[in-house]
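Heads up: the structure comes next, in structure tokens.
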Amino acid sequence: MKIIVFFSGVGTNLLSFLIKEKKLNYKIISTFTNNPHAGGIKIAQDFDKPCKILDHTQYKSRELHDKEIQYFLSHIDFDYIVLAGYMRILSKFLVEEYEGRIINIHPSLLPKYPGLNTHQKVLDADEKYHGTTIHFVTHELDSGPIITQQRFKIEPNDTLDSLKDKVKIIENDLYPKTISELLR
Ligand code: GRF
């Protein structure tokens, strides 16, 4: 099964998909980013994967940027779009065109804490558990049908950074595995 990985930042999830590609049941056809400074670009290059860069700051509106993404996608044969730290909300028309074929990972136990700064929100709320959620993307932010979740217990000495690290470690393992199983 063919996937395109979208990212905006460091790209640890992208790296994990790339490392595991040979062993698992997906093929990364292309990668995409909105951020010309994203760390993931070098990672994709190191693995000889194409990376399409469309800097959103160069477009007058989200719709115009997403129209360009739509055009890019229309020339590629793929099954699923995998959002791995893609920090932009997708326009409704794009989500509708690829309904059921866009998957996201979100660093909280949805439906709790959609949006940004999830680790801080979890600490502020004195939660007992934190974790990550893999879900289908709908036009409402971080609220599509959940595919899987994994949680861990928050320790008294956990900090913003330790929670971030713990979530990433789980995500890097869970995301490629889940996509591979989903396609199977
Ligand atoms: C992940 O924690 C993901 O849940 C969130 O953004 C982060 C991306 O990290 N949506 P990376 O760029 O894959 O390292």
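The values are calculated or read from the model by the stated rules, or taken from the named source; none is laboratory data. Nothing here was measured: the structure is a model prediction, and the numbers come from that model. Cβ: placed from backbone, ideal geometry, glycine included. Neighbour counts: every protein chain shown. Keep in mind that these areas ignore ligands, DNA and RNA; they rest on the heavy atoms of the full protein, side chains included. Shrake-Rupley method; radii C 1.70, N 1.55, O 1.52, S 1.80 Å.
Remarks
- Meets criteria (under 15 Å from the mean Cα position of the chain (by Cα), under 21 Å from residue 83 (Cβ atoms) and surrounded by fewer than 16 Cβ atoms within 10 Å (Cβ to Cβ)) for residue 134: no
- Lone unmet requirement of (1) among the charged types (D, E, K, R); (2) within 15 Å of the ligand (Cβ to nearest atom); (3) in contact (Cβ under 8 Å) with a residue 60 or more places away in the chain for residue 121: (3)
- The sole residue among 73, 90 that is within 14 Å of the ligand (Cβ to nearest atom) and among the hydrophobic types (A, V, I, L, M, F, W, C) is 90.
- Residues that are touching a Leu at 6+ places or on another chain (Cβ under 9 Å) and within 11 Å of the ligand (Cβ to nearest atom) were ranked within segment 14-37; the one that is nearest to residue 69 (Cα to Cα) is 33.
- Close Cβ contacts (under 6 Å, 6 or more residues apart or on different chains) running from residues in segment 15-26 that are without any contact (Cβ under 8 Å) to a residue 60 or more places away in the chain to residues that are open to solvent by 50 Å² or more (accessible area, probe 1.4 Å) comprise 18/47.
- Selection of segment 163-178 for residues being out of contact with any strand residue (DSSP E or B) (no Cβ under 6 Å at 6 or more places or on another chain) and open to solvent by less than 30 Å² (accessible area, probe 1.4 Å) yields only 176.
- Listed conditions (1) at pLDDT below 95; (2) away from the ligand (no atom under 16 Å from the Cβ); (3) open to solvent by 60 Å² or more (accessible area, probe 1.4 Å) are all met by residue 183, apart from (3).
- Among the residues listed as 61, 30, 91, the single one being touching a Lys or Arg at 6+ places or on another chain (Cβ under 8 Å) and farther than 22 Å from residue 11 by Cβ: 91
- Segment 1-13, subset more than 14 Å from the ligand (Cβ to nearest atom) and at pLDDT 95 or above, residue surrounded by the fewest Cβ atoms within 10 Å (Cβ to Cβ): 2
- Whichever residue in segment 96-130 is in contact with a helix residue (DSSP H, G or I) (Cβ under 8 Å, 6 or more places away or on another chain) and among the aromatic types (Phe, Trp, Tyr) and, among such residues, is most open to solvent (accessible area, probe 1.4 Å): 113
- Some residue of segment 43-64 being under 28 Å from residue 159 (Cα atoms) and open to solvent by 40 Å² or more (accessible area, probe 1.4 Å): no
- Residues of segment 81-95 satisfying the condition of being surrounded by fewer than 19 Cβ atoms within 10 Å (Cβ to Cβ) and not β-branched (Val, Ile, Thr): 87, 88, 92, 93
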